[in-house]
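These notes are about the structure you will find just below.
The values are calculated or read from the model by the stated rules, or taken from the named source; none is laboratory data. Not measured: the values here are computed from a predicted model. Don't worry about glycine lacking a Cβ; one is built from the backbone with ideal geometry, like all the others, and counts go over all protein chains shown. Please note that ligands, DNA and RNA were not included when accessible areas were found on the heavy atoms of the full protein model with its side chains. Shrake-Rupley method; radii C 1.70, N 1.55, O 1.52, S 1.80 Å.
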Amino acid sequence: MKNYDIERHVRGESQFVDDISYPKGLLYAAVCYSDQAHGEIINIDISDVEQVKGIKLILTAKDIPGENQIGGIVPDEELLAEYKVEFIGQPIAIVVADDQLTAKKAARKIKVDIKDLPIITDARKAYEAGKLIVPPRTFNLGNVDDCWKKCDYIIQGTVESGGQEHLYLETQGAFAYPVEGRGIKIISSTQAPTAVQRVTARILNLAMHKIEVDVPRIGGGFGGKEDQATAWAVICALAAYKTKYPVKLILSRQEDMRATGKRHPYTSDFKIGLNKKKKIIGYEVTFYQNAGAAADLSPAILERTLFHCTNSYYIPNVKATAYSCKTNLPPNTAFRGFGGPQGMFVIESAMYKAAEKMGIDTSEIQNANLIKENDEFPYGQKAENCNALITWKRAEAKYSIKKTKDDIKKFNDKNDMYKKGIAFIPICFGISFTNTSMNQASALVHVYTDGSVSVSTAAVEMGQGVNEKIRQIATETLSINIDRIKTETTNTTRIANTSPTAASSAADLNGKATEQACNNILERLKKSAAEILNLKAVKNIEIKNEIVYHNGKRTKLSWNELVKQTNLKRVNLSSHSFYATPNIYFDREKEKGNPFAYHVYGTAIIEVTVDCLRGIYKFDSVKVVHDFGKSFNPIIDRGQAEGAIVQGLGWMTIEEVMHDENARLLTDSLSTYKVPDMHFTPEIEIEFLKNVENPMGIFKSKAIGEPPFMYGIGGYFAIMNALKAFRPNADFKISSPITPEKVLLNLHSKIDEPVTA
Ligand code: MTE
Ligand code: HPA
Ligand code: MOS
């Protein structure tokens, strides 16, 4: 049961937005972007461009029929900048032309006169200037202020973590065309079809029913198309609406890298207190999130940072405060883990620094503080079916950790120029959108008279295999051959008011809705079968492998025949079903509640070898025991875990997003932004934790999309441990990504100089 899209991908048959064959009269849109990070717009001069051959139309803010506003959580982001610009890459005007090159060249020729204003790129500076996106949030457990006197060790420090480019293979883009009645249909590469529909309606001043959004599949999103696919789709729709012609807009890689937001960089302060028994007594942390120039999803991401600020540990006294700071960078956005990784990196760093001071191994502190059944998270939820300690113990045993540690010590004693490091990283990630109302989905299932089945849901296929999982749910619930099941495109006319495909919960939410819809049809079919077979009781009827059984005995009634006859009897062979996660809530006044349906746990052990002469490193292995619940597609789930681990390691190590002092992105191509490749990727061994059925997940499984990303954090500390073996007394700063350049600086800066990297 592999992701069935892969065969089409390999054959080049899968269609992405740019592959769809377009109708005659197709026009191309291109965007004129701000090339200054902050300033007042004095004048927009389009006179040089208007006359160019092939140019159909130029649009600026004043041409927007509705509200010039695309902000999802906070209304603070214009589609087209009108009076001021706040980041490089902010759209100012749209050029529509007969061909793409003409449109792009013309967009670059528009002269925008901007009066400079001061630029802030640093979150702490924004905080000092009082520039916050939303009011700060604080989560509290126990009493931190009173706890420090009970501590034998108190450690304070600062932690930096960098941004990350999504680098989905398919760049942002959309295609829109006018339909009857002044409506618009949009094919969009988005994780959030309803967001595209809603914002298009707002911009065009139309009812949402006039806008149809369709998503066949997307070439990766990783969170980067949860909110930030919208602008491009709306630009296309606006151009199509104005010209009354179909319009396409596809960003080049460089445009995409420059104009879209990334993972949020964070800078954070921590204070951690422990007793002699290695128990953490208190933890106080302040997060400064670099939100960029508009809210986008930052407030929700900030919230998840708070939810995950103690990772998989129980800490009795916690105070965590988070600020979302407004800077002159493109609005940063969702990225696998959604703020969770940033929060977890800080607690792991605090424990690392504590272990250093106590002269012990970090893993001793980690192990001593793992969360147990019924322990309370700082947001009030209690740990249930808690597998933190089980995965840790299993990992220690399965991967012979005592011996591995001895071997590493021997290696390091023998070698001067190469040092090995090892680190443990347990994870705990909450499943559900943290915004309770978003935890809903629906499915529309049709059984056709030939017995084939069509399933529509809100889930967007982006390589994570959700469509294959939905097919499996339908095939198993109806007990018919998988070849009969087709998953349809994600479409706002078929499935309305959808939550984005995000928060790792698409298979759970849409799968449960699919299961219910299939069961509704199945009940009608069984009743019909009883009638056809002249049986009184429906309850002993079953469909197994396309055959109707009665009292466990095969009858002569097949799936095909049953479907055909049921239709002739005028019985409904379609069902629309709705699912909303039960028993979750969160009170944002008290900052307490039960926000998550369940948590995902696991433990990874990461080994690395550092070349201390060159500063380069190679991860030797990643060994994991992960709680997948009862996986019903181990191939997809393993693939998700492997991909997430490599992406997490990349974030922590080689992926460095850099800007110059004018907030210009320096790493805007693959020659300057390095991502993991085959050679980087270590051996990854993953054990599926056994006997763990998850009552809250679809088919007793657990969500898999995001949680394993956070194993990557262990990569950072494996490298730190190797550095420590080379230079035992240095006090290294915690600042990710730990690029080879930083490794070299850490290893060879003068002994009496503070280490700066
Ligand atoms: N896997 C692939 N191949 N491509 C992607 O874009 N996105 C990740 C994860 N795995 C992604 C992926 C993110 S950020 C999320 S939230 C989940 O998939 C979303 O899909 P799911 O809810 O079906 O797990
Ligand atoms: N995860 C991902 N996307 C989201 C969330 C979340 O918790 N909340 C709102 N959008
Ligand atoms: Mo994933 S960051 O929730 O799209």
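Details
- Here's the picture: charge each Lys and Arg Cβ at +1 and each Asp and Glu Cβ at -1 in the chain, and of Ser621, Val234, Tyr288 the one pushed furthest to the positive end of that dipole is Ser621.
- Placing a pseudo-label 7 Å from each Cα along the Cα-to-Cβ vector at Arg570 and Gln15 gives an inter-label distance of 3.7 nm.
- Cleavage-rule hits (trypsin sites (Lys or Arg not before Pro)) in the range 252-307: DSSP loop, at most 10 neighbouring Cβ within 10 angstrom: Lys276, Lys277
- Dipole orientation for the range 440-580: of the candidates Ala517, Gly465, Thr566, Thr566 has the Cα lying most toward the positive pole (charges on Cβ; Lys, Arg +1; Asp, Glu -1).
- Amide proton proximity set for Leu27, modelled H, under 5 Å, gap of 5+: Val247, Lys248
- Rounded to whole Hz, the Karplus (6.51, -1.76, 1.60) HN-Hα couplings of the range 425-437, x for glycine and proline: 9, x, 10, 8, 10, x, 9, 1, 4, 5, 8, 3, 4
- Alpha carbon centroid spacing (whole Å) that separates the range 619-656 from the range 524-573: 44
- Mean-position separation - Cα centroids, the range 145-203 and the range 377-408, in angstrom: 31
- Kirkwood Rh in Å, taken over the range 472-628 so that all alpha-carbon pairs contribute: 20.2
- In the chain, excluding the sites themselves, the longest stretch lacking any of the chymotrypsin sites (Phe, Trp or Tyr not before Pro) that are in a DSSP loop with at most 14 other Cβ atoms within 10 Å is 84-447.
- Percent antiparallel among DSSP beta bridges (both partners in the range 440-580, rounded to 5): 85
- Overall form of the chain per C-alpha gyration tensor (a/c, 1.5; a/b vs b/c): oblate
- Think of each Lys and Arg Cβ as +1 and each Asp and Glu Cβ as -1; about the Cα centre, that makes the dipole of the range 443-582 roughly 640 debye.
- Restricting the range 131-208 to trypsin sites (Lys or Arg not before Pro) in coil, as DSSP defines it, with at most 15 other Cβ within 10 Å: Arg182
- Between Leu557, Ala506, Val455, the Cα set farthest toward the positive side of the dipole of the range 440-580 (charges on each charged residue's Cβ, about the Cα centre) is that of Leu557.
- Per residue, the range 445-571 exposes 43 Å² of accessible surface when a 1.4 Å probe is rolled over the protein heavy atoms with every protein chain present.
- Around the Cα centre of the range 685-757, unit charges on the Cβ atoms of Lys, Arg, Asp and Glu (plus for the first two, minus for the last two) sum to a dipole of about 60 debye.
- Local net charge near Leu509, Cβ-Cβ under 13 Å (Lys/Arg +1, Asp/Glu -1): 0
- Per-residue ³J(HN,Hα) for the range 124-140, Karplus 6.51 cos²θ - 1.76 cosθ + 1.60, θ = phi - 60°, Hz, x for Gly and Pro: 5, 5, 4, 4, 4, 7, x, 8, 10, 6, 9, x, x, 10, 9, 9, 10
- Distant-in-sequence amide contacts of Leu557, defined by a placed amide H-H separation under 5 Å and a gap of 5 or more residues or a different chain, comprise Val548.
- Portion, in percent, of the accessible area of the chain that falls on carbon or sulfur, probe 1.4 Å: 50
- Isotropically averaged projected area of the range 69-221, using the convex hull of Cα atoms (one quarter of hull area), nm²: 15.4
- Dipole magnitude for the chain: about 1980 debye, using +1 per Lys or Arg Cβ and -1 per Asp or Glu Cβ, origin at the Cα centre.
- Within the range 320-392, the trypsin sites (Lys or Arg not before Pro) that combine a DSSP coil assignment with at most 11 other C-beta atoms in a 10 angstrom radius are Lys372.
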